[in-house]
Amino acid sequence: MNIEANYRHDPLYRIINNTLEMQMIEKNLRVYFERLKKINSLGLVPEIIEKAKYPKYEHAIGTIHQINSLIEINQLSHRQSIIEKYYRPLKISAEFLHLGHFPFTYSTERALLLAFIISDTEKIKNDKEKLKVKIEKLLPFLEIDSKEKLDFVEKIFSIKDFKFLYKVFSSHILLENWNVFFKKFNGEKLTEDDKKIMINNIINDDCVGYHYLDLADRTDFVQRDALYFGTIKIDISPKHLYPNALANIFEVSAEEDFLYHNLHYLTESFYKTPEVVCFSRLYEKIVAALIQSEHFKIEWLVNYDDDSFKWLITASKDKENKKIKFPEEWIDRADKLFKKQLSFIQIFKIDGVQLSSKISIIDIEHELIGKENPKKYILSYPFETGTLISIDSSEIELFDDTEYLLSPNGQISETEYLDICVYQNKKQNDLSELLKIISNLSKYLSPTDQKKVREGLSDLLSRTGKHTIKNTAVLKSIAEAIAIIDKKQPTSEIFIIDYINILSRNSEFDELWKKPDLVAWKEMIFPQLKTYIEDPGFDKIDAFARIFQDILDLPIKLLQSESSKQYLTKISETLLNLVRDPEDKDLRGNYFEALCLIEKIINPKGLFQIFINGHTVVDPAQKSDTDKNEYDILELRLNDNNKAELWIYSCSISTGIEGGNKNQLNLLYNNIRKKFPNLIIRTRYCVPENRSRKKWMPQLKESGLNSN
């Protein structure tokens, strides 16, 4: 076939060379390329962010252009790292790379893998077998040993590598259509060796061609995404980018580093926004459920485009408008999702939670929702409980070397970092399911993570959705008590160091103390505090306050352990003495509030607790930016019946506490009750037992504001 060279317009590059390979393959495999024109390269993002739209076809052509540019640079170089026989296989690999994408890529690929993992029905077994047949046809072409082939198959079925799945389908399309095009290059036949090279280029990450293709692909979509999202223009010339890659593809150049940084920016700003992640996870669960239906054909995933697939899952009708007998419940959920009738908000997001790599993402999610039902409950719980968990591999690289955790039996297990987001339906009327998730999650969280959970809960409880914490006075009161304890036992270990040592020896929380931020925190405090404490000019109170704030971010179950209680009891006794006989009577109220907090922590209630001290509503409408009302202690509790309770404590040593504090409690109580009508709410005044008789131990006094 002799096709004259010409050029085509491209929104990113303006003019690109319409090469022989592009013309010939697109002409003979038109149906595949036409389908790419109807698949959005941004997946589900345009369903949330309007006007962010361009077809996968455009990106596919852009990647081909980048590969052609790479080869041109190689031809002009003296080194010529790529020898000529690899030119055409590399170009044709680029032609086929994107043909295997599913509609609403990559979320539909993830949904298929999710269905495979959680279901063992005959229908799913048959679908998995169909995919295995495709894989088995590719395996003989891969230049890897038998063990690596087993790993390759495992990788394809792993949800962790869901973005790799489409490449398997792309490679299979190449195999299926080999006879259509292999003889048509100006009388030059492609060989079986060329076929092998092409398949390795697409799916074998041990192959240099794979990495050339990956770089070309990444270069185009980072620049193209930036163009369509309307962010800063990124324009990297191939003549600057590719010489470094041709010299050593495994060494990151300055230009590649620039691409990575922009990719991270685009990912965080668009692909990983709370709205996009939430929509994607709900979509994946709906599609995974429909894939399990006996009437769902796996072939639709590679034959349908975005619009026809959306019609399929929201109207239960195929391309020919024929009614499909899908479960109505799931079709209704899909329809509501695309009509924006399912509205969830992100409560908190924790990046880089360190967990054993032997625990799968699905197993973690199942554990966090705390249900003993079969794994398929993973799909339905967001719609039934009003909560949603998103777990994904983290892009955070905290260390250069592989990290390890010791398992309970002393064995070393490799770890990975996961991003965990928790959402709640805006229409949810209480907090029980949310607290169950936090309770189950807490054993995996470092103090930094625990702080993010508290911040999310504080925003949720604020009537404006924003808050700040004002607990400096309470922390300084506790710090003063710790300094007094140290003064009384000058020959002993520094009290707060001794306390941290005791906490870190609690065997129930072994994994917690291997968390990187907690290890660094402990290693920093011990030598520095011991050195500085001898300096008369050192502000011990400020140091103790900051350290104790970090202690409060440890799991409440750890602070309520028997070994911890003896230290908290010492602090409580010292605070009680300060309340009785303060040097500055103006500080008595601060000491008393600190005493109330410690006493609440010492005495566990229910199945799970989390405390927020000094919660203050941020109100942007007010000039001061903050509400005048500060809420001393908020306690969220799972009671013995696994129901959420919110206890609000207003601490005061003043007489006539019911005055201004009653209005303050009313404001918070009424707003939370309106937002969560089924939540059990209790409000109490925390007052001295008998002020006139100088009995300062806190006791609770009924406020009259209670619900459910």
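Checked against the criterion of being over 18 Å from Leu700 (Cα atoms) and of a type outside the set (Phe, Trp, Tyr), the candidates Lys605, Lys600, Lys565 yield just one match: Lys565.
Does the range 219-238 contain at least one residue that is in a helix (DSSP H, G or I), among the basic types (Lys, Arg), touching a residue at least 24 places away in the same chain (Cβ under 8 Å) and surrounded by fewer than 22 Cβ atoms within 10 Å (Cβ to Cβ)? Scanning the range 219-238 turns up no residue that is in a helix (DSSP H, G or I), among the basic types (Lys, Arg), touching a residue at least 24 places away in the same chain (Cβ under 8 Å) and surrounded by fewer than 22 Cβ atoms within 10 Å (Cβ to Cβ). Scan the range 106-152 residue by residue and report those that are modelled with pLDDT under 95 and hydroxyl-bearing (Ser, Thr, Tyr). Scanning the range 106-152 gives Ser119, Thr121, Ser146. The selection criterion, being more than 25 Å from Phe102 (Cα to Cα) and part of a loop (DSSP other than H, G, I, E, B), does not hold for Asp205. Applying the condition of being hydrophobic (A, V, I, L, M, F, W, C) and farther than 26 Å from Tyr669 by Cα to the range 419-476 and asking which residue is surrounded by the most Cβ atoms within 10 Å (Cβ to Cβ) yields Ile420.
Return yes when Glu508 is in a loop (DSSP other than H, G, I, E, B) and either surrounded by fewer than 20 Cβ atoms within 10 Å (Cβ to Cβ) or out of contact with any Leu (no Cβ under 7 Å at 6 or more places or on another chain) (or both) and no when it is not. Spelling it out, it is not the case that Glu508 is in a loop (DSSP other than H, G, I, E, B) and either surrounded by fewer than 20 Cβ atoms within 10 Å (Cβ to Cβ) or out of contact with any Leu (no Cβ under 7 Å at 6 or more places or on another chain) (or both).
Selection of the range 277-310 for residues being part of a helix (DSSP H, G or I) and hydroxyl-bearing (Ser, Thr, Tyr) yields Ser280, Tyr283, Ser308. In the range 171-193, of all residues being under 42 Å from the mean Cα position of the chain (by Cα) and surrounded by 19 or more Cβ atoms within 10 Å (Cβ to Cβ), the one that is farthest from Glu21 (Cα to Cα) corresponds to His172.
Filtered by the rule that a residue be closer than 19 Å to Ile71 by Cα and either part of a helix (DSSP H, G or I) or among the hydrophobic types (A, V, I, L, M, F, W, C) (or both), the range 8-23 gives Ile15, Ile16, Leu20, Glu21, Met22, Gln23. For the range 318-337, which positions are in contact (Cβ under 8 Å) with a residue 12 or more places away in the chain and either within 18 Å of Ile298 (Cα to Cα) or surrounded by 16 or more Cβ atoms within 10 Å (Cβ to Cβ) (or both)? Scanning the range 318-337 gives Asp318, Lys319, Ile324, Lys325, Phe326, Pro327, Trp330, Ile331, Arg333, Ala334, Asp335, Leu337. Within the range 179-202, being without any contact (Cβ under 8 Å) to a residue 24 or more places away in the chain, in a helix (DSSP H, G or I) and either among the polar types (S, T, N, Q) or touching a helix residue (DSSP H, G or I) at 6+ places or on another chain (Cβ under 6 Å) (or both) holds for one residue alone: Asn179. Checked against the criterion of being without any contact (Cβ under 8 Å) to a residue 60 or more places away in the chain and either assigned to a helix (DSSP H, G or I) or closer than 30 Å to Thr385 by Cβ (or both), the range 686-704 contains not a single residue that satisfies it.
The values are calculated or read from the model by the stated rules, or taken from the named source; none is laboratory data. Predicted, not measured: the structure shown is a model, and the values here were computed from it. Note: ideal-geometry Cβ built from the backbone for every residue, glycine included; neighbour counts use all protein chains shown.
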